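The values are calculated or read from the model by the stated rules, or taken from the named source; none is laboratory data. In this text the structure is predicted, and so the values were computed from the model without any measurement. Because the Cβ atoms are built from the backbone with ideal geometry, glycine has one as well, and the counts that use them run over all protein chains shown. To get the accessible areas, we keep the full protein, side chains included, count just its heavy atoms, and leave off ligands, DNA and RNA. Shrake-Rupley method; radii C 1.70, N 1.55, O 1.52, S 1.80 Å.
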Amino acid sequence: MTAFVSHSAASSGADVSRLPARLGERLVAQGLISAQDLTRALAVQAQIGGRLGQILVRLGALSEDALMPVLAEQLGVPPLSMEEWPADSAAMRLADVVSDIATDWWVDQGVVAWHSADGGLLVVARDPVDASLEEVLERYLPKPWEWRLARAQEVERLIEAFQRANRLESDTDNDADRLRELAEDAPVIELVNNLLAQAMDRAASDIHIEPERDHFAVRFRIDGVLQPVLTLPQSRFAAVASRIKLVSGMDIAERRLPQDGRLSVRVSGKEVDVRASAVPGVHGESIVMRLLPKEREDLSLEKLGFEPGDLARFRHWANEPHGIVLVTGPTGSGKSTTLYATLESINHRQEKIITVEDPVEYQLPGVTQIQANADIGYTFARALRAILRQDPDVVMIGEIRDRETAEIAIQAALTGHLVFSTLHTNDAVSAFARLLDMGIEPFLVATSVRAVQAQRLVRKLCPHCSVPCEVHPEIVLAAARIAPAEVPRWRCAVGCPACQGTGYRGRLGIYELVDVDAAMQTMIMRRASTGEMRRHATAIGSRTLREDGLLKAMRGLTTVDEVVRITGAALDAVDEIGEVP
């Protein structure tokens, strides 16, 4: 049974959040369920979510037939009558109902719309209480249209009929053959190859292909920022999407479920691995291709943007005999590149270095790299157990995601191995709280973790068009506190053909390095607040991400605006900052 709010109720501003409670009161008042049944159902709803009517039926408190009249009265939505059923498959042809929403979206959301005998448009769904669902239908369905209440089995029958009626646009063998023909069309092959070549030439890290109502857009992520490249008509999207899915090993006929694929190609004279992802959307699948060049010239710590003192500290950590060194930051902050550069710097072929990654982004000579695969049960934890029997000296774990992986990493560190790994935290000291939240004992965190580094990537100023500028006086004061002996060389972005008009070209890292000394170990063991740990880190000479970013802006490597974009909208003592050309 489907419990939902009607179109008229939603339009009139009905308080959807209170509808389940009123439904329960009605059922109790009519003697269909007891107060105990309602209490139990509400408790289940609080734990796992879901619609109250569905939960009551699952718990056996009442039947779907008993629930339907009450629900229809409460929502003001009439039940679907036999006379209103679609007369034949023609009534359910999507093109005759609405052509602006992809077929896959209807099936994935469990929604069916058709023209009734009197010409009206009727809609049923598994769960239309979803606000996003109501929003889509309100925007794209022609007026007028009406909800109908249907039992669960009736909804499923209608969905099956809808799929049969639209078989030319669903997952059938004929459809797969047609899509394969489109994918192998010469103009489509050329278009996709040109996109890959352009992306490599412009040093893009990702290609985003995003379908809209009447067109689809292609954008490149360059230096961490998405930039529009071209817009093409929607009629060409199926061919382009099919080509990408075909060459990356995806099922070209599957458009209702997310898929991942990969391929290796040579474009612009370079070998590149491509990780492709397809996710269903309202207007079709959003496709993202991540470009991973096999050969990297910047895999050295000296080229990543470390200050000389920070580089020396990090090299010292990398040469510790044992312990855990963590690199933290959000996705896309350069953590993997830092770890690869670290392994490259210590790889003297005198030690056994093993990595566990998902995915293996770059191949390092002399390093044993293992690809984790959760789909077959080969998780980080399971792979880590196996490689500890390989007598490694250095272990790199792509990411500590759960308690089991963290415990094995700590065990490895405490038994004489040097372990590098990453965590998703906002700053360095938050890594300790993250490990404690995973359930790791404080004394294990304190004794195993040697150091933590947080990092971000900021765009570098284009050397061809940047110009000197002035900045907010508060910024000048903040920079003077960070590096009082330096002469500021503030510069602003302008834009020129060399940087595609952005004013920036390339990226460099900003870093926050925190040593785990005796005082920090004590704080970890007594579960001190991150604020207290941060103050201690500052006292022993650690710069924050923001301070390191300002230092680089002060030297004319980037801009204050870019530092603010990456690290936050306000500095410690500054409410408004900006640049004045």
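For Leu232, the criteria (1) open to solvent by less than 50 Å² (accessible area, probe 1.4 Å); (2) within 15 Å of Val288 (Cα to Cα); (3) touching a His at 6+ places or on another chain (Cβ under 9 Å) hold in every case but one, which is (2).
So in segment 214-251, with the set limited to residues that are among the hydroxyl-bearing types (Ser, Thr, Tyr) and outside any strand (DSSP E or B), which one is farthest from Arg178 (Cα to Cα)? Here the residue is Ser248. Looking at segment 58-79, is at least one residue in contact (Cβ under 8 Å) with a residue 40 or more places away in the chain, under 36 Å from the mean Cα position of the chain (by Cα) and open to solvent by 40 Å² or more (accessible area, probe 1.4 Å)? No, segment 58-79 contains no residue that is in contact (Cβ under 8 Å) with a residue 40 or more places away in the chain, under 36 Å from the mean Cα position of the chain (by Cα) and open to solvent by 40 Å² or more (accessible area, probe 1.4 Å).
For segment 252-278, filtered to residues that are closer than 20 Å to Leu182 by Cα and of a type in the set (A, V, I, L, M), the residue that is surrounded by the fewest Cβ atoms within 10 Å (Cβ to Cβ) is Leu263. Scanning segment 128-147 for residues that are open to solvent by less than 30 Å² (accessible area, probe 1.4 Å) and within 18 Å of His283 (Cα to Cα) gives Leu133, Glu134, Val136, Leu137, Tyr140, Leu141. Just one of (1) at pLDDT 95 or above; (2) touching a Cys at 6+ places or on another chain (Cβ under 6 Å) trips up Tyr511, so point out which. The one condition Tyr511 does not meet is (2).
Restrict the check to segment 281-290 and report whether at least one residue is under 30 Å from Phe216 (Cα atoms) and without any contact (Cβ under 8 Å) to a residue 24 or more places away in the chain. No: zero hits. Taking the listed residues Arg243, Arg262, the one that is under 21 Å from the mean Cα position of the chain (by Cα) and of a type in the set (Lys, Arg) is Arg262, with no other qualifying.
Can Gly281 be described as at pLDDT below 90, under 26 Å from Arg434 (Cα atoms) and not acidic (Asp, Glu)? When the stated conditions are applied, Gly281 does not pass them.
Looking across segment 99-120 at every residue that is farther than 21 Å from Val279 by Cβ and open to solvent by 10 Å² or more (accessible area, probe 1.4 Å), the one that is modelled with the lowest pLDDT is identified as Ser99.
Exactly one residue out of Arg534, Arg489, Arg527, Arg505 is in contact (Cβ under 8 Å) with a residue 12 or more places away in the chain and in a helix (DSSP H, G or I), and it is Arg534. With respect to Val327, determine if the residue is aliphatic (A, V, I, L, M), part of a strand (DSSP E or B) and surrounded by 14 or more Cβ atoms within 10 Å (Cβ to Cβ). Yes: the conditions hold for Val327. When restricted to residues that are touching a strand residue (DSSP E or B) at 6+ places or on another chain (Cβ under 8 Å) and under 25 Å from Arg255 (Cβ atoms), segment 127-144 contains 5.
Residues are listed down the side, and each one gets a yes or a no for (1) buried (at least 18 other Cβ atoms within 10 Å of the Cβ); (2) at pLDDT 70 or above:
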position: Leu149; (1), (2): yes, yes
position: Glu160; (1), (2): no, yes
position: Leu168; (1), (2): no, no
position: Asn174; (1), (2): no, no
position: Leu179; (1), (2): yes, yes
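One residue stands out in segment 204-225 among those that are among the aliphatic types (A, V, I, L, M) and touching a residue at least 40 places away in the same chain (Cβ under 8 Å): the one that is most open to solvent (accessible area, probe 1.4 Å), namely Val225. Kindly evaluate Arg26 against the criterion of being in contact with an Asp or Glu (Cβ under 8 Å, 6 or more places away or on another chain), in a helix (DSSP H, G or I) and at pLDDT 50 or above. Yes: the conditions hold for Arg26.
For Lys303, indicate whether it is in contact with a helix residue (DSSP H, G or I) (Cβ under 9 Å, 6 or more places away or on another chain), open to solvent by 60 Å² or more (accessible area, probe 1.4 Å) and modelled with pLDDT under 90. In short, yes. The strands (runs of 3 or more DSSP E) found wholly in segment 349-464 and carrying at least 2 residues that are surrounded by fewer than 19 Cβ atoms within 10 Å (Cβ to Cβ) occupy 368-371. One residue stands out among those in segment 87-98 that are open to solvent by less than 40 Å² (accessible area, probe 1.4 Å) and touching a His at 6+ places or on another chain (Cβ under 8 Å): the one that is modelled with the lowest pLDDT, which is Val97. Within segment 252-281, the set of residues being outside any strand (DSSP E or B) and in contact with a helix residue (DSSP H, G or I) (Cβ under 7 Å, 6 or more places away or on another chain) comprises Ile252, Ala253, Arg255, Arg256, Ser268.
For segment 489-506, filtering for residues that are buried (at least 18 other Cβ atoms within 10 Å of the Cβ) and of a type in the set (A, V, I, L, M) leaves 1. The combined condition, being open to solvent by 50 Å² or more (accessible area, probe 1.4 Å), of a type in the set (A, V, I, L, M), in contact with a helix residue (DSSP H, G or I) (Cβ under 8 Å, 6 or more places away or on another chain) and at pLDDT 80 or above, is fulfilled by Val247. Among the residues making up segment 414-441, those that are more than 25 Å from Asn319 (Cα to Cα), more than 23 Å from the chain's Cα centre (by Cα) and not small (Gly, Ala, Ser) are Leu436, Ile440, Glu441.
Would you mind finding the one in Val155, Val123, Val129 that is aliphatic (A, V, I, L, M) and modelled with pLDDT of 80 or more? Result of the check over Val155, Val123, Val129: Val123.
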